[in-house]
Every structure is written in structure tokens, then in C-alpha cells.
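Engineer: Have a look at the structure that comes next, please.
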Amino acid sequence: MISLLPGINSTAAALDAERIRMDVVSQNIANVNTTQGPDGKPYQRQQVVFASVLRAQQAGETAGAQQVQVARIAKDTRPPRMVYMPGHPDANDHGMVAMPDINISEEMVDMIAASRSYEANLAVAKNAHTMAMAALSIGKH
């Protein structure tokens, strides 16, 4: 059987992975000032770890298409930043508050990269659809 949209599964997997990456970056930005999480510690920045997976295109085939997927979401191991804020409710005896070590510039660069990758994969899906429709219209004439 001939697939009219070859590679669309790989593109769909990449779209899903980049959407998850954008969600994680958004969470990091939203929690830039979170001094207490459920564990009582400052929020820890999270990062998406991607993995490439080989998928068989059809049952019985040995060759397959490579797809990207989210392997896991890992917590950053950087220690919290200590900021002098003596009036803050979470300040220690020296007036220091443990804040998440999140760099907004770094997060924005990651968000832009994820967004551009998402847009590129969306363009691939649209072009594959257009080519499939053109192939189908050839058979009608």
C-alpha cells in the first residue's frame, strides 16, 4: 500500500514534542519567583529531554522512520539563587531568600527555538497535505 502522506507520523511526533517543550518553558517562566513548591523548596527549572525512536512503517518491514519523542522531563540540578530580601516571608535569619535559578533570557531563547521548530514541522505537514491533494487530483483527470 502506498502512503499518500509519507513522513507525516514523524512530523506529528515532532509537533507534539515541541508543544511539550513550549509548555515546560512556560512553566519555568511562570515559576520564576516561586520560593516554595510542594516539597517546601524553591521551584526547580525543568528541561525536556528528546529521544529519537525508530518506528517500523508497516508490519513486517525492517526499515522504519525515525521519530522524535520526549524521553523525560528532567529537573535542572542548579542550586537556587540566594537573593537579599529581608522583608520576604521565606527569608532566612540573614534576610536571604532561595529563589529558582531561572534565567528569563535563556527561557525565551528556548521558547523561540521551540516555536520555530514547531512552525517548520507545521509547514512540512501542510506541504505534505498539498502534495497528497495534488496527487489525488491527477487521478481524477
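Where a number appears in this text, it was derived from the coordinates with a stated rule and is not lab data. Because the structure is predicted, anything quoted here is derived from the model rather than measured. In this analysis, Cβ positions are derived from the backbone assuming ideal geometry, glycine residues included, and neighbour counts consider all displayed protein chains.
Engineer: Aspartates and glutamates near LYS75 by alpha-carbon distance under 13 Å, same-chain residues fewer than 8 away left out - which ones?
Structural biologist: Qualifying aspartates and glutamates at Cα under 13 Å: ASP101.
Engineer: Over the alpha-carbon set of the chain, divide Rg by the Kirkwood Rh and report the Rg/Rh ratio to two decimals.
Structural biologist: Over the Cα atoms of the chain, Rg/Rh equals 1.21.
Engineer: Assigning unit charges at the beta carbon (Lys, Arg +1; Asp, Glu -1) and nothing else, what dipole magnitude in debye, to the nearest 20, does the chain show about its Cα centre?
Structural biologist: So the dipole magnitude of the chain works out to roughly 440 debye.
Engineer: Can you tell me the orientation of helix 104-140 relative to the chain, as the angle in degrees between its alpha-carbon axis and the longest Cα principal axis, to the nearest 10?
Structural biologist: Roughly 10 degrees, rounded to the nearest 10.
Engineer: Still on this model: Rounding to the nearest 10 and keeping the result within 0 to 90°, find how far the Cα-based axis of helix 8-30 lies from the longest principal axis of the chain.
Structural biologist: 10
Engineer: Below 12 angstrom from the Cβ of GLU107, what's the summed charge of the other residues (Lys, Arg +1; Asp, Glu -1)?
Structural biologist: With Lys, Arg at +1 and Asp, Glu at -1, the net is -2.
Engineer: Cross-link candidates for LYS126: which lysines have Cα within less than 29 Å, leaving aside residues fewer than 8 places away along the same chain?
Structural biologist: LYS140
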